[in-house]
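Heads up, the thing below is written out as structure tokens.
The values are calculated or read from the model by the stated rules, or taken from the named source; none is laboratory data. Note that the structure is a prediction, hence the values are computed from the model and not measured. For neighbour counting, all protein chains shown are included, and Cβ atoms are generated from backbone atoms with ideal geometry for every residue, glycine included. We work out accessible area using only protein heavy atoms, side chains counted, and drop any ligands, DNA or RNA first. Shrake-Rupley method; radii C 1.70, N 1.55, O 1.52, S 1.80 Å.
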Amino acid sequence: MADLTMWLEATGALAGAGGLGYAKVRAPRVYWSLVGMPLTWGRFTFSYRSTMDVCGLTVQPSGLRAFMTRNVARREVQPVPPKIRRVRLTSTGLRVTLRLPAGLEPADVMASSERLRHAWGVHSVTVVETKPGFV
């Protein structure tokens, strides 16, 4: 009886993996919605701060913020990356709206778009200024 249970569980997992493989080939949008989008969103969220720091898209915090971090939180002051204002999941990828901190310009983000593309392992990173201070 235990062998039968193991076989039923194994065939269910194999059928699910086969279905995802089939969806990847025959219905890429379904595969993106079920697998690609959650993985990409998680990878983006997990690596955002370090990626922005490596790509040179962080600035030093304001004097008040640095003072509060040092004296109240009792930890070292870290550079500030752009704030994520909105993440939209589309059928072709993620659309992220960033609020740029003082001292960072849209041209800086545009200049580092190739580094961001490489760091996140995506096909392309397109940077467009939507309104002053937002890209």
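Computed values, structure above
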item	result
Accessible-area composition of the chain, carbon plus sulfur, in percent [1.4 Å probe]	60 percent
Given charges at Cβ of Lys, Arg, Asp, Glu: the stretch 1-77 dipole, positive-most of C55, L34, N71	N71
Estimated vicinal HN-Hα couplings, Hz - the stretch 108-117 in sequence order (Karplus 6.51, -1.76, 1.60; Gly, Pro = x)	5, 5, 4, 5, 9, 4, 5, 5, 5, 4
√(5λ) per eigenvalue of the Cα gyration tensor, the chain, largest first, Å	40, 21, 11
Rounded tilt (10° steps) of 37-54 against the dominant C-alpha axis of the chain	30 degrees
Residue among M52, M68, M110 with the largest mean-square fluctuation in a Gaussian network model of the chain, springs linking Cα atoms under 10 Å	M68
Rounded accessible area per residue of the stretch 1-106, 1.4 Å, Å²	73 Å²
Around T126: net Lys/Arg minus Asp/Glu count, Cβ-Cβ under 15 Å	+2
The stretch 1-52-the stretch 114-135 distance, computed between alpha-carbon centres (Å)	26 Å
Sparsely packed GluC sites (Glu not before Pro) within the stretch 58-135, loop by DSSP, other Cβ within 10 Å at most 16	E76, E129
